[in-house]
Each structure stands twice: as C-alpha cells, then as structure tokens.
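*Asks:* My structure is below; once you've seen it, I'll send some questions.
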Amino acid sequence: TVVQASLSNLSGRTVRLDALCTLGSGKKVDIEVQRADNDDHFRRARFYASAITVNGTDKGTLFRDVQDVYIVYITEHDFIGKGKTVYHVEKSFREDREAAVDDGLYEIFVNAAVYDGTDIAELMRCFRQNRIDHPKFPVLSTAVKELKETRGGVSEMSEIMEEYAKEYAKEYAKEYAKEYA
C-alpha cells in the first residue's frame, strides 16, 4: 500500500491518491476519502482510475491484460442521495440492462452520512468520531489511539501532515502558475 501516491497523466496533471494498494493478484485498489462536497465525485473517481490504469500499464500490453482497478470512494456526504451507505456501480447496456459489462473497473461509493445498520455504516460512524473504542473494530481503535495519543504517533502524523502540506503547496503553485501565467 502506498499512502499519498502521486501519479501524472500524459498532459502532466498530477493526481494524489490517498491509498493505492496492490493485491496479491496484481489488481489495484485505490481508497479515496473525500470530505468536500463541491465536486463531481463520479468524474473524480473515473479520473483516478484512468491515471492508475495508464501509469500501471506497460507499453505493448494487450488490452485484455490491462490490470483491474477498484476505486473505493469514501465521502462524508450521501451525494448520490438514495439513502444507502454503500453504492456499487455496475455498467450495463442501455438496451439490455440485464447484461453487465465487465471492463475491469469496479467502483464502490461509501458515505458516512447514512446509517443503515450495516457493519460498513458502523465503521463510517467511527471515522466521524475523535476517539474510537469500538469492539467490532479493535485494530482501527488501537491504531487511532496510537496515532492520536502517543508521542510517536503524534510525531508520525505531524511528519505526514507536513509532507502533505508541502506537496499540496507545490501542486497549488503549479496550478496557479498555469492559470495566471
């Protein structure tokens, strides 16, 4: 797993991925956490998936051998508005909605706004809390406690946030320079 991985597309736009994981099978899983609700989340997810695909595909690779990409997109808001915690995107032909299309892209949208009684909804509730001590999620509870309450964890988080701030500043400066040059 690579946390805060940066990928550039052909035109030079850089994408910062929150957590890019490679499964044992070679499949890529990108986990994104998006707090803001002022963007087109579907297009953002598609853009991330395309960057992962292009950057992870060697010259000469046959399209049937292009790696599968999973996008797990976690938001604070239910921007889809159907009252579910989890939404799985499935492609189909408009003429025959029964026939699914498998192109190797799998998108799962999860939100923390809806509580529907599922384990995932319970987990999303944990992410909205400052302190986590949940019996269903002991690993998460321990990790959050370590990061927030121990000297080493606080130091590690400070270093990560400082690095993130530097990278963000660089990207912002590039975008600003392009827009106002």
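*Asks:* When DSSP assigns beta bridges and you keep just the ones with both residues in the stretch 60-120, what percent turn out antiparallel, to the nearest 5?
*Replies:* Of the beta bridges lying entirely in the stretch 60-120, close to 50 percent run antiparallel.
*Asks:* Further question: Would you kindly state how much longer the chain becomes between Ala100 and Tyr115 on full extension, computed as 0.36 nm times their sequence separation minus their alpha carbon distance, in nm to one decimal?
*Replies:* That works out to 2.5 nm of additional length.
*Asks:* Under the 0.36 nm per residue contour assumption, what length would be gained going from the current alpha-carbon distance of Arg43 and Arg64 to full extension?
*Replies:* My answer for the length gained is 5.2 nm.
*Asks:* Here is a further query. Which of rounded, prolate or oblate describes the stretch 61-156 when judged by the alpha-carbon gyration tensor and an a/c cut-off of 1.5?
*Replies:* Here the stretch 61-156 falls in the oblate category.
*Asks:* Once you sort the root eigenvalues of the Cα gyration tensor of the stretch 33-104 as a ≥ b ≥ c, which label holds: rounded (a/c under 1.5), prolate (a/b larger than b/c) or oblate (the other case)?
*Replies:* oblate
*Asks:* In nm, to one decimal, how far is the modelled label at Ala19 from the one at Ala36, with both set 7 Å along Cα→Cβ?
*Replies:* That separation, rounded to one decimal, is 2.2 nm.
*Asks:* Let me check something: with ligands and nucleic acids excluded, how do Ser92, Ser141 order by accessible area (1.4 Å probe), largest to smallest?
*Replies:* Ser92, Ser141
*Asks:* Roll a 1.4 Å probe over the protein heavy atoms and report the accessible area of Glu32 in Å², nearest 10.
*Replies:* Looks like 10 Å² after rounding.
*Asks:* Counting only DSSP beta bridges with both residues in the stretch 19-116, what percent are antiparallel, rounded to the nearest 5?
*Replies:* 45 percent
*Asks:* With a 1.4 Å probe and all protein chains left in place, how much of the accessible area of the stretch 21-97 comes from carbon and sulfur atoms, in whole percent?
*Replies:* 50 percent
*Asks:* Per residue, how many Å² of accessible area does the stretch 56-102 show with a 1.4 Å probe?
*Replies:* Using a 1.4 Å probe on heavy atoms only, each residue of the stretch 56-102 averages 78 Å².
*Asks:* Separate question: Which entries in the list Lys27/Lys82; Lys59/Lys84; Lys27/Lys136; Lys59/Lys148; Lys91/Lys148; Lys91/Lys145 go over 32 Å, if you measure between the two C-alpha atoms of each?
*Replies:* The pairs that break the limit, which is 32 Å between Cα atoms, are Lys59/Lys84; Lys59/Lys148; Lys91/Lys148; Lys91/Lys145.
*Asks:* Kindly list the residues of the stretch 106-132 that lie in the label zone of Glu149, defined by a backbone N under 14 Å from the point 7 Å along the Cα-to-C-beta vector.
*Replies:* 130-132
The values are calculated or read from the model by the stated rules, or taken from the named source; none is laboratory data. Not measured: the values here are computed from a predicted model. Backbone-built Cβ (ideal geometry, glycine too); neighbour counts: all protein chains shown. Calculation scope for accessible area: heavy atoms of the full protein, side chains included, ligands and nucleic acids excluded. Shrake-Rupley method; radii C 1.70, N 1.55, O 1.52, S 1.80 Å.
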